[in-house]
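Trainee: Have a look at this one before I ask anything.
Coordinate-derived values only; no laboratory data. Everything numeric here is computed off the predicted structure, so don't read it as measured data. Quick reminder, even Gly has a Cβ in these numbers, built from the backbone with ideal geometry, and neighbours come from all protein chains shown.
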Amino acid sequence: MEDLLALARTLPDDGDVDRFLEALATADDERYDELLDALDRSRTGEIVARVMPRLPDASPDARVGAAELFDNLDIPIKACLMGEDLNVMLAFDLPGGVMFVPEDWGDERSFIAALTRVRTEPGLQLDRHEVQLGDDVAPLFVLHGQSFFTATHALWADEFDPPAAPYGTLVAVPTHHAVLAHPIRDARVRGVIEPMLELTRSAAEQGEPVSTRLYWLRDGRLEAVDATGEFADLLERLSN
């Protein structure tokens, strides 16, 4: 045990990162606390910097150990949207990258806290554009930012142009750094669909793509417009 404690103390310098992380993941409660207590917390940034390069090739135990370590060092956990279904996932917000938390982590309070952290992130910009529709125009809002978690704002895109639109919001999440939104107030949504799709595909080609589909936000839920007949029914009703 003494050699592991010594390893913890030298972790920011030349300690065996993988060995420490695996030991942390498999330690009993007493040893777990001792390993964490041995860390030099005045050098948290250096510890994180030593661990991050090891993550891509880390063993399963080492990844669990890294999650335990980051959590203990109070690295913020935030919510992000992933995959075509825009699943909400938790990830550590690390300098220069993210690490997803283990699958069995996170209860309702964890998700609420993670979403709140994203909501309060600085550095976002919301722009209003107008889509020309013959003699009319329709608003298209674009939220963008440097944060990997910017896309999560799609979950409350109905707040981009208050009050919330009566028929929900048409949303696109082309990358982790952008959200496109059109509040559905009338039949103009029909003319916005193709321009939104074109912008979404173009943005996704620039890197870090999330999805090139369009989604319907209503009652706090996002659903792909091509996954339900309800959206088509809405378009028909608005056109009559």
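Trainee: What are the pairs with Cβ atoms under 6 angstrom where one residue, in segment 109-124, is within 14 Å of Leu155 (Cβ to Cβ) and the other, located anywhere, is of a type in the set (Ser, Thr, Tyr)? Sequence gap at least six, or different chains.
Mentor: Every condition considered, the pairs that remain are Val118/Thr152; Glu121/Ser147.
Trainee: Would a scan of segment 217-236 turn up a residue that is touching a residue at least 40 places away in the same chain (Cβ under 8 Å) and of a type in the set (S, T, N, Q)?
Mentor: Scanning segment 217-236 turns up no residue that is touching a residue at least 40 places away in the same chain (Cβ under 8 Å) and of a type in the set (S, T, N, Q).
Trainee: From the list Ala62, Ala23, Ala66, Ala49, exactly one residue is of a type in the set (Gly, Ala, Ser) and either surrounded by fewer than 17 Cβ atoms within 10 Å (Cβ to Cβ) or not in a helix (DSSP H, G or I) (or both). Which is it? Reasoning before the result, please.
Mentor: Numbers: Ala62 fails: either surrounded by fewer than 17 Cβ atoms within 10 Å (Cβ to Cβ) or not in a helix (DSSP H, G or I) (or both); Ala23 fails: either surrounded by fewer than 17 Cβ atoms within 10 Å (Cβ to Cβ) or not in a helix (DSSP H, G or I) (or both); Ala66 fails: either surrounded by fewer than 17 Cβ atoms within 10 Å (Cβ to Cβ) or not in a helix (DSSP H, G or I) (or both).
Among Ala62, Ala23, Ala66, Ala49, only Ala49 is of a type in the set (Gly, Ala, Ser) and either surrounded by fewer than 17 Cβ atoms within 10 Å (Cβ to Cβ) or not in a helix (DSSP H, G or I) (or both).
Trainee: Leu55 versus (1) outside any helix (DSSP H, G or I); (2) within 23 Å of Val210 (Cα to Cα): which is the lone unmet condition?
Mentor: Single failed check for Leu55: (1).
Trainee: Something else now. Kindly indicate the residue of segment 187-206 that is assigned to a helix (DSSP H, G or I) and under 21 Å from the mean Cα position of the chain (by Cα) and also surrounded by the fewest Cβ atoms within 10 Å (Cβ to Cβ) among those meeting that condition.
Mentor: Within segment 187-206, the match that is surrounded by the fewest Cβ atoms within 10 Å (Cβ to Cβ) is Ser202.
Trainee: Filtering segment 207-231 down to residues that are in a loop (DSSP other than H, G, I, E, B) and of a type in the set (Val, Ile, Thr), which residue is surrounded by the fewest Cβ atoms within 10 Å (Cβ to Cβ)? It would help to see each step written out before you state the result.
Mentor: Within segment 207-231, the subset in a loop (DSSP other than H, G, I, E, B) is 207-208, 210-213, 219-220, 228.
Retained after the next criterion (residues that are of a type in the set (Val, Ile, Thr)): 210, 212, 228.
Numbers: Val210: 24, Thr212: 16, Thr228: 12.
Restricting to residues being in a loop (DSSP other than H, G, I, E, B) and of a type in the set (Val, Ile, Thr), the top hit is Thr228.
Trainee: Another one. Can you name the strands (runs of 3 or more DSSP E) wholly within segment 131-185 that have at least 3 residues being not hydrophobic (A, V, I, L, M, F, W, C)? Don't jump to the end; show me each part of the working.
Mentor: Numbers: elements: 136-144, 169-175, 178-183.
Answer list for segment 131-185: 136-144, 169-175.
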